[in-house]
Amino acid sequence: MSGLRLMAVHAHPDDESSKGAATMARYADEGHEVLVVTLTGGERGDVLNPAMDIPGVVERMNEIRREEMAQAARALGVQQTWLGFIDSGLPEGDPLPPLPEGSFALVPLEESTEALVKVVREFRPHVMITYDENGGYPHPDHIRCHQVSMAAYEAAGKADRFPDAGEPWTVSKLYYTHGFIRRRLELFKEEYDQRGEAFPLQDWIDRWRPEHGDIMARVTTQIQCGKYFANRDEALRAHATQIDPNGVFFAIPLELQRRIWPTEEYELAKTRVKTSIPETDLFAGITDDALAGVRDARETTK
C-alpha cells in the first residue's frame, strides 16, 4: 500500500458505477485504498431492467440493492460503506409532490454532515470525489450529496466541529465528477458516421441544449483509465435492477471507447495543496507529502 486514500461519495447504489468507476478501479489496482460511501440505500429506485421486473423484486428492493452494491464493489476492487439514510425518490409531476417524510434530502444538513465526517475521520482520505452544485443532474439526493460532501470536507479537520465524530482529519483535495461530455459523444458519432452506421446515442446529443453549457470547460483533471472500462461495465451490470445489460450504457464497443476517449473527467473544486492544471492524477500535489507522513508515522511506532 502507498498510504494514499481516495473516498468517493455517492447518493445511491449504482451511482459509483456510472460516475468515475474506472478511475476508482485503476487506483485500487495500483495499490491505493479506495472507499465508496453510499449515502442512501436506493430503496425507492425503480426497476429499470425488464428482466428484473418480476414478482418479489420490488418487495425486496432494499436487500437486493445491497447485494448488487457488494457485487459492484468487488468488480471495482474497492471498499464500500453505507451512511444509512433513506432514498428520497425522484419526484415527478407539475407541481412536484413533496418528498417522503424522513428521506435523505429532508434530513437536517448538520445531521448528515456529522455522519459523513465520522466516516472521513475513520478512513482519512487524501482526496474526496462528489457531485457538483447541480448534483450531476437535479435529483434531490444528488444535490444533497453535494451539500453534505462540501460541508464534511470543511468540517472534518476542525476539532471544534462534531467532537464526538473522531479525531480531526484534513482532506487535501475535493473533486466533482463530470460524465456528460458533449465532445466525447461527438467524436463517437463521427466514427459511426464514417462507418455509415446509425449512432446509438444520438438521443443523448439531441437532448443537449446550449443553455446546458460546456462542462468540458470546467474539467481540470483527466484520468487515463481505459484499461478499467471492463471493470466499470461489470460493476454496472451488477446493478441488475437499475441497468439493462442490453441498454445504451453498453452501446459503444470498449475498443472504440479506449481508442477515442480513454479518460474520465473531474473538476478540482477545493484544494489545500499546490498543483498544476491540467492534471492527470487526482493525487497530484499531495503524493510526496502524504508518503512522507506515512513514513514518519511508521518511524514513531517502531
Cβ-Cβ below 7 Å, separation at least six or inter-chain, first residue in segment 231-259 and crowded, with 20+ Cβ neighbours inside 10 Å and at pLDDT 95 or above, second assigned to a helix (DSSP H, G or I) and of a type in the set (S, T, Y): which pairs?
R232/S17; A235/S17; L236/S17; L236/S18; H239/S17
S88 passes all but one of the listed conditions (1) in contact with a Pro (Cβ under 9 Å, 6 or more places away or on another chain); (2) farther than 18 Å from S149 by Cβ; the exception is number (2)
Filter segment 230-257 for residues that are part of a helix (DSSP H, G or I) and not hydrophobic (A, V, I, L, M, F, W, C); which is farthest from M24 (Cα to Cα)?
E255
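Listed residues T113, T170; which is outside any helix (DSSP H, G or I), at pLDDT 95 or above and either polar (S, T, N, Q) or under 22 Å from L256 (Cα atoms) (or both)?
On the way: T113 fails: outside any helix (DSSP H, G or I).
After applying the criteria, what remains is T170.
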Is there a residue being within 28 Å of G42 (Cα to Cα) and among the charged types (D, E, K, R) anywhere in segment 235-243?
yes
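When the residues of segment 124-136 are narrowed to those that are surrounded by fewer than 20 Cβ atoms within 10 Å (Cβ to Cβ) and more than 13 Å from the chain's Cα centre (by Cα), which ends up farthest from A165 (Cα to Cα)? Give the derivation first.
Going residue by residue through segment 124-136, those that are surrounded by fewer than 20 Cβ atoms within 10 Å (Cβ to Cβ) are 124, 132-135.
So of that shortlist, the ones also more than 13 Å from the chain's Cα centre (by Cα) come out as 124, 133-134.
Details: R124: 13, E133: 26, N134: 28 Å.
Only one residue fits best here, namely N134.
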Output yes when any residue across segment 1-21 is among the polar types (S, T, N, Q), modelled with pLDDT of 95 or more, in contact with an Asp or Glu (Cβ under 8 Å, 6 or more places away or on another chain) and within 23 Å of Y176 (Cα to Cα), and no when none is.
no
Residue by residue through segment 70-87, note down the ones that are farther than 13 Å from V34 by Cβ, surrounded by fewer than 23 Cβ atoms within 10 Å (Cβ to Cβ) and touching a residue at least 12 places away in the same chain (Cβ under 8 Å).
Q71, W82, L83, G84, I86
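Per-residue answers, yes or no, for (1) farther than 21 Å from E265 by Cβ; (2) touching a Cys at 6+ places or on another chain (Cβ under 6 Å); (3) part of a strand (DSSP E or B):
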{"position": "A28", "(1), (2), (3)": "no, no, no"}
{"position": "T38", "(1), (2), (3)": "yes, no, yes"}
{"position": "G45", "(1), (2), (3)": "yes, no, no"}
{"position": "G56", "(1), (2), (3)": "yes, no, no"}
{"position": "R65", "(1), (2), (3)": "yes, no, no"}
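Give me the residue from segment 136-162 that is within 15 Å of D15 (Cβ to Cβ) and in a loop (DSSP other than H, G, I, E, B) and, out of that set, modelled with the highest pLDDT.
So the first thing to find is which residues in segment 136-162 are within 15 Å of D15 (Cβ to Cβ), and the list is 136-146, 148-149.
If we keep only those that are in a loop (DSSP other than H, G, I, E, B) too, we end up with 136-139.
Numbers: G136: 85, Y137: 83, P138: 86, H139: 94.
Here the answer is H139.
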Against the condition part of a helix (DSSP H, G or I) and not basic (K, R), how does E133 come out, does it pass?
no
Checklist (1) closer than 21 Å to F104 by Cα; (2) under 16 Å from the mean Cα position of the chain (by Cα); (3) surrounded by fewer than 18 Cβ atoms within 10 Å (Cβ to Cβ) applied to E154, failing item
(2)
May I ask you to list the residues in segment 179-229 that are more than 25 Å from the chain's Cα centre (by Cα), surrounded by 11 or more Cβ atoms within 10 Å (Cβ to Cβ) and not in a helix (DSSP H, G or I)?
F199
Answer with yes or no whether G93 is loosely packed, with under 14 Cβ neighbours inside 10 Å and closer than 17 Å to V148 by Cβ.
no
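Do the conditions hold for E101, that is, is it touching a His at 6+ places or on another chain (Cβ under 8 Å), free of Cβ contacts under 8 Å to residues at least 24 places away in the same chain and either under 30 Å from F229 (Cα atoms) or exposed (fewer than 15 other Cβ atoms within 10 Å of the Cβ) (or both)? If you could, list the steps in order and put the result at the bottom.
Working: touching a His at 6+ places or on another chain (Cβ under 8 Å): no; free of Cβ contacts under 8 Å to residues at least 24 places away in the same chain: yes; either under 30 Å from F229 (Cα atoms) or exposed (fewer than 15 other Cβ atoms within 10 Å of the Cβ) (or both): yes.
Here the answer is no, as E101 does not meet what is asked.
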Taking only pairs six or more apart or across chains, which ones have beta-carbon atoms under 6 Å, a first residue in segment 168-190 that is closer than 16 Å to T221 by Cβ, and a second residue that is at pLDDT below 95 and assigned to a loop (DSSP other than H, G, I, E, B)?
S172/I286
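The values are calculated or read from the model by the stated rules, or taken from the named source; none is laboratory data. As the structure is a prediction and not an experimental result, all values here were calculated from the model. So basically every Cβ, Gly included, is an ideal-geometry build from the backbone, and we count neighbours across all protein chains shown.
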